[in-house]
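Chemist: A single structure is presented below for examination.
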Amino acid sequence: MAPGASLAEESELSRLVGREWLELTGIADGFEERIHEADEMFLTARRAEQANVGRSRLQYYRDGHEVVASLNNLLDATGRSFRSCGRILEMACGFGRVTRHLVREIPPECITAVEIIEPAVDFVADTFGVDARRSCTDPVDFDLGEEFDLIVVSSLFSHLPRARFGEWLEALYAALTPRGMLVFSTHGAGVLPEVPKDPSGFTFIPQSESLGLDGEEYGSTFVDQGVVDVIAREHGVAHLVSLERELWMLQDVHVASKQPVRGIERWRHVSFVQGVVDRMIVRDGAFHVDGWAADTRPEVPMSGVKLLLDGREVAMIPVGNQRIDVARVKGRPDWLQSGWALEGRVPEVEPGRHLLAAQGISATGASGVLDIVAVDL
Ligand SMILES: C[S@@+](CC[C@H](N)C(=O)[O-])C[C@H]1O[C@@H](n2cnc3c(N)ncnc32)[C@H](O)[C@@H]1O
């Protein structure tokens, strides 16, 4: 398929909601919105959409954005920035869920993106202008002929069997400059408690969201932090620092380096607003909205939840209602007061379709769009 070919089955609503998310997040200008029809990350978001009509782009953009926010936070803590990094390798870039956010931080000429799926390599090269290369299953054949100050690998190690896990770790580590950082993510053993885990601390199930890749090479992996440490040592990694559930509150993030990274002891979870709109009901000119919102960092209070109609503020809703369910399910006792709710009249607008959004804002200034729904007024 040619780059930019349209997603024929995608709903117009998803495009509208995606565009509104970009606007509210402040990154709409120049943002690349083309998505390849075989993009598994997008197709996964679209499958989830069945319960949540129109949210596939919102989910897809937000997940990619969170990776780059998390990297910025790490770079900040270590006194670095994307621009100070020189060359960056994005390993296993897929069809560019993260790449489209990376190219906003650093010129595409500074990025090498690697993928095993050939159409993804072509799409990422043509769409984002990065140096895109084809990867291989066995890293013995992997040599890009250069070294990188930052290597980013989101959601590849969460799919590799144990032997490949170690081999890829070693190969990517070898591609680091002496001061470089290899940042990779894994699923901890506590993720999906309903899936039985191997007592060894390393569980590999030969099944994934991929329709094309061999399940024995690309499945679903859950690994204890202690086992990541052991594998890293076995493969010559000199320094490894990790943060549990740093990505999407789900995946652990690890930083491997050849030299100790100055400032890494200051690295904490990225400040990110999480939350959900449980109900957003509009009827006869009146609305009722409620949900929860919280900052991912411990004990950071919320400033409130902004309710917006077509991007214009309608109300600022205080956060503080008790949500025992959220505290319990998320394992965050500090999120006990994360509930919010409001009823009111919708402002007068032209009759037709409008977008109502809820955006959580925390005391650190971090914000996150909780949801956007289309309403006919
Ligand atoms: C879960 S997706 C994540 C994609 C992207 N990093 C993101 O976060 O959106 C994992 C990607 O790894 C790719 N992959 C699997 N094995 C690979 C390999 N040996 N080399 C490069 N990419 C690989 C898959 O094709 C898939 O696109």
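Chemist: Relative contact order for segment 63-266 using alpha-carbon pairs under 8 Å, separation at least 6, rounded to a whole percent?
Modeler: For segment 63-266, the relative contact order is 20 percent.
Chemist: When ranked by the protection proxy of mean other Cβ atoms within 10 Å per residue, highest first, what sequence do the peptides 290-297, 325-332 form?
Modeler: Output ranking for 290-297, 325-332: 290-297, 325-332.
Chemist: Same structure again: Can you give me the relative contact order of segment 271-377 as a percent, contacts being Cα pairs under 8 Å and 6 or more apart?
Modeler: 32 percent
Chemist: Run the accessible area of segment 271-377 with a 1.4 Å probe and give the carbon-and-sulfur part as a rounded percent.
Modeler: 49 percent
Chemist: Moving on. Pop out the carbon and sulfur fraction of the accessible area of segment 20-93 as a percent, whole number, probe 1.4 Å.
Modeler: 45 percent
Chemist: Can you compute 3J(HN,Hα) from phi for each residue in segment 117-129, using the Karplus curve 6.51 cos²θ - 1.76 cosθ + 1.60 with θ = phi - 60°, rounded to whole Hz and x for Gly and Pro?
Modeler: After applying 6.51 cos²θ - 1.76 cosθ + 1.60, I find 8, 4, x, 5, 4, 5, 5, 5, 5, 6, 7, 10, x Hz.
Chemist: Between Asp284 and Ile324, what is the label-point separation in nm under the 7 Å Cα-to-beta-carbon projection?
Modeler: 3.4 nm
Chemist: Using the heavy atoms of the protein chains alone and a 1.4 angstrom probe, what is the accessible area of the chain per residue in square angstrom?
Modeler: 44 Å²
Chemist: I've got another one for you. What percent antiparallel are the DSSP beta bridges of segment 63-266, to the nearest 5?
Modeler: Counting only bridges with both partners in segment 63-266, antiparallel ones make up about 50 percent.
Chemist: Pulled fully out, how much extra length does the chain show between Arg297 and Glu118, if you take 0.36 nm times their separation in residues and subtract their Cα-Cα distance?
Modeler: Length difference between fully extended and current span is 60.6 nm.
Chemist: Taking the Cα centre of the chain as the origin and placing charges on Cβ (Lys, Arg +1; Asp, Glu -1), which of Ala120, Gly94, Leu240 is farthest toward the positive end of the dipole?
Modeler: Farthest towards the positive end: Leu240.
Chemist: Amide H of Arg133: which non-local residues (sequence gap of 5 or more, or other chain) have their own amide H closer than 5 Å, using H built in the peptide plane?
Modeler: Ala113, Val114, Glu115
Chemist: Continuing with this model, one more query. Show which lysines lie in cross-link reach of Lys330 when reach means a straight Cα distance below 25 angstrom and same-chain residues fewer than eight apart are skipped.
Modeler: Lys197, Lys306
Chemist: Go through segment 308-324 residue by residue and turn each phi into a ³J(HN,Hα) via Karplus (6.51, -1.76, 1.60, θ = phi - 60°); whole Hz please, and just put x for glycine and proline.
Modeler: Result, ordered by residue: 10, 10, 6, x, 9, 5, 9, 6, 10, 9, x, 10, x, 6, 6, 10, 4 Hz.
Chemist: Test of understanding: extend the Cα→C-beta vector of Ser84 to 7 Å, then name every residue of segment 263-284 with backbone N under 20 Å from that spot.
Modeler: Residues 263-271 qualify, since their backbone N sits under 20 Å from the label point.
Chemist: Among Leu250, Leu150, Leu71, which one shows the highest mean-square fluctuation when the chain is modelled as a Gaussian network with alpha-carbon springs under 10 Å?
Modeler: Leu250
Chemist: Residues of segment 322-340 with the amide nitrogen closer than 15 Å to a label point 7 Å from the Cα of Met249, along Cα-to-Cβ, please.
Modeler: Residues 323-340 fall inside that zone.
Chemist: While we're looking at this one, here's another question. List every residue whose amide H lies under 5 Å from the amide H of Leu370, counting only residues 5 or more places away in sequence or on a different chain, with H placed 1.01 Å from N in the peptide plane.
Modeler: Long-range HN contacts for Leu370: Ala358, Gln359, Gly360.
Chemist: Using θ = phi - 60° and the Karplus curve 6.51 cos²θ - 1.76 cosθ + 1.60, what whole-Hz ³J(HN,Hα) does each residue of segment 191-206 get, with Gly and Pro shown as x?
Modeler: So the J values, rounded to whole Hz, are 6, 6, x, 6, 8, x, 10, 6, x, 5, x, 10, 10, 10, 10, x.
Chemist: Relative to the present Cα-Cα distance, how much length would full extension add between Glu32 and Asp198 at 0.36 nm per residue of separation?
Modeler: 55.6 nm
Chemist: With every protein chain left in place, what is the accessible area of Trp248 in Å² (1.4 Å probe, nearest 10)?
Modeler: Counting only protein heavy atoms, Trp248 exposes about 50 Å² to solvent.
Chemist: Dipole magnitude of the chain about its Cα centre, charges +1 at Lys/Arg Cβ and -1 at Asp/Glu Cβ only, in debye to the nearest 20?
Modeler: 1140 debye
Chemist: Divide by every residue of the chain the summed helix terms, -39500 (n - 2.57) for each DSSP H run of at least 4, and state the resulting mean residue ellipticity at 222 nm, rounded to the nearest 500 deg cm²/dmol.
Modeler: -7500 deg cm²/dmol
Chemist: Going by amide H atoms built from the backbone, whose H comes under 5 Å of the H on Phe287, apart from near neighbours?
Modeler: Under 5 Å from the amide H of Phe287: Gly344, Arg345, Val346.
Chemist: Report the label-to-label distance for Leu336 and Leu16 in nanometres (one decimal), using points 7 Å from each Cα along the Cα→Cβ vector.
Modeler: Once both label points are built, they end up 4.2 nm from each other.
Chemist: Length gain on complete extension for the stretch Met316 to Val140, per 0.36 nm per residue less the alpha carbon to alpha carbon distance?
Modeler: 57.8 nm
Chemist: By the scheme Lys and Arg +1, Asp and Glu -1, what is the net charge of all other residues having a beta-carbon under 11 Å from that of Val103?
Modeler: Here the charged neighbours net out to -2.
The values are calculated or read from the model by the stated rules, or taken from the named source; none is laboratory data. Bear in mind the structure is a predicted one, so any value in this text is a computation, not a measurement. Neighbour counts are summed over all protein chains in view; Cβ atoms, including those assigned to glycine, are modelled from backbone coordinates with ideal geometry. Ligands, DNA and RNA are excluded from the accessible area calculation, which covers all protein heavy atoms including side chains. Shrake-Rupley method; radii C 1.70, N 1.55, O 1.52, S 1.80 Å.
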